[in-house]
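The values are calculated or read from the model by the stated rules, or taken from the named source; none is laboratory data. These numbers were taken from a predicted model, which means no experiment stands behind them. When we count neighbours, we look across all protein chains shown, and the Cβ atoms used for this are built from the backbone with ideal geometry, even at glycine. These area figures cover heavy atoms from the full protein model, side chains too; ligands, DNA and RNA do not enter into them. Shrake-Rupley method; radii C 1.70, N 1.55, O 1.52, S 1.80 Å.
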Amino acid sequence: MAVAELSGLGLIREKIGANERLDFEDGLTLMESDDVLQLGELADAARRRRGGADEVYFVQNLYLNQTNVCRVKCKFCAFAVTQKQEGAYTYTGAELVEDALRQRELTGFTEIHMVGGESPHVDFDYYVDIIRKLNEAMPEVHLKCFTASEIHHMTKLSGLTHEEVLRELRDAGLGSLPGGGAEVFADRVRRLVAPGKEHPDVWIDTHRTAHGLGIPTHCTMLYGHVETYEERVDHLLRLRDLQDETGGFLAFIPLAFHPENTVFERRGWTFTPGSDDLKLIAVSRLLLDNVPHVKAYWIMMGLPLAQVALHFGADDVQGTVVREEIFHAAGAETETEQKIEELVRVIQAAGRVPVQRDTLYNELRRWE
Ligand code: SF4
């Protein structure tokens, strides 16, 4: 049958077979489909057609938050506090280094993933200082730090441009940007869930600027709240456009919205259904034909669903995300090693080849 005579998923299957790019209408057809298994099969087929093989990646990383003080008050956020609230913290560079070095003695992490609130009580030098100190203490560790929103916040603190802020951070040792802060780009959604955040174009422009300075970045979408299917597809296509322009995204990470401890929990909201999580993985893999990797972030999806997502187009399960306690006796297996064993087992049980990577997807270890 000629491609023109087909419709729905049949047409999309033909387009994938012919290496044709999917458009907005195709994205909507995919989002509206309840045939999740077919979406997964199409996504995995598309991934393989573009050169993907059996490797599934993970990284050994340390998560740090420099501060939980934030001025923005996003409605989906259960992390931020004000300076005066109980439990508010802002760590100095020395404290962050001390913590990271202690963890480094116990685990061999290759990446520090650090993000935090937008505190009005620090200045730009604070951010440069913590990056410089971490880099000097651990020059071999990749520093993946600060969302585009935080970079924008730094321009407000300093009066510098986004490029000047990024350049200073890069020169101090910043390696890449995580993808947070994108939420859903549509103005309507932004007004409802994050009215205090900058315009979505700022997120796009900040990543474009980072790519221009040779700083690779990640991209995300926070889904499962008030967004429509159209707004999801629009978000993914805006990311694809930027990737066409710069090629600077390393991976896409769909982030499922968790309503607990937010206003949405009080309104009776609950977790995204697993079928929607799998749909997001599959549709993003199909539409983002130019982004090398899609992550099934096991911390948010749970390991069993992340394992299934490996057959829906994902090829990365993110990181070990374990904090070691000093009381692990010398010689005892650390929780990180246990987590690596668990990730390896889960990936192998899915019929895939586990590969430990660094942030830039260089291979460090492989389990055949
Ligand atoms: S900017 Fe980040 S830390 Fe601040 S309220 Fe929004 S999501 Fe929370």
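Structure summary
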item	result
Rounded tilt (10° steps) of 274-287 against the dominant C-alpha axis of the chain	80
Segment 1-110: relative contact order in percent, alpha carbon pairs under 8 Å with at least 6 residues between	19
Point-to-point label distance, residue 163-residue 136, nm (Cα→Cβ direction, 7 Å offset)	2.9
Rg/Rg_ref, the chain, where Rg_ref = 2.2 N^0.38 Å and atoms are Cα	0.99
³J(HN,Hα) computed for each position of segment 148-158 - Karplus, 6.51 cos²θ - 1.76 cosθ + 1.60, integer Hz, glycine/proline x	4, 5, 5, 4, 4, 4, 5, 5, 6, 5, 10
Contour minus Cα-Cα distance for residue 228 and residue 98 (0.36 nm per residue)	42.3 nm
Theoretical FRET efficiency, 1/(1+(r/R0)^6), r = Cβ-Cβ of residue 82 and residue 362, R0 45 Å, to 0.05	0.65
Helix-only CD estimate at 222 nm, as mean residue ellipticity for the chain, using -39500 (n - 2.57) per DSSP H run (n ≥ 4)	-13500 deg cm²/dmol
Rounded to 10°, Cα long-axis angle of helix 335-349 versus longest principal axis of the chain	10
Acute angle (nearest 10 degrees) that the helix 200-212 long axis makes with the longest principal axis of the chain, alpha-carbon atoms	80
Built amide H within the under 5 Å cut-off of residue 221, gap 5+	253, 255
Where no second cysteine Cβ lies under 4.7 Å, the cysteines concerned in the chain	70, 145, 219
Karplus 3J(HN,Hα) series, Hz, for segment 55-71 with 6.51 cos²θ - 1.76 cosθ + 1.60 (x for Gly, Pro)	5, 10, 9, 8, 10, 8, 9, 10, 9, 10, 10, 6, 7, 10, 7, 8, 8
Beta bridges by DSSP in the chain, antiparallel share as percent, to the nearest 5	15
Nitroxide proxy distance, nm - points 7 Å out along Cα→Cβ at residue 14 and residue 342	4.7
Long-range lysine pairs (8 or more apart or interchain), the chain, Cα under 19 Å	10
Accessible area in the full protein assembly, largest first, 1.4 Å probe, for 275, 284	275, 284
Portion, in percent, of the accessible area of the chain that falls on carbon or sulfur, probe 1.4 Å	50
Per-residue ³J(HN,Hα) for segment 123-135, Karplus 6.51 cos²θ - 1.76 cosθ + 1.60, θ = phi - 60°, Hz, x for Gly and Pro	10, 4, 4, 4, 5, 5, 5, 5, 5, 4, 5, 5, 5
Where segment 35-366 is the region considered: accessible area per residue in Å², 1.4 Å probe	40
Relative contact order (%) - criterion: Cα under 8 Å, at least six apart; region: the chain	22
Under 5 Å, built H, 5+ apart or other chain: amide partners of residue 62	111, 112, 113
Nonlocal amide H pairs with residue 179, under 5 Å, H built at 1.01 Å	218
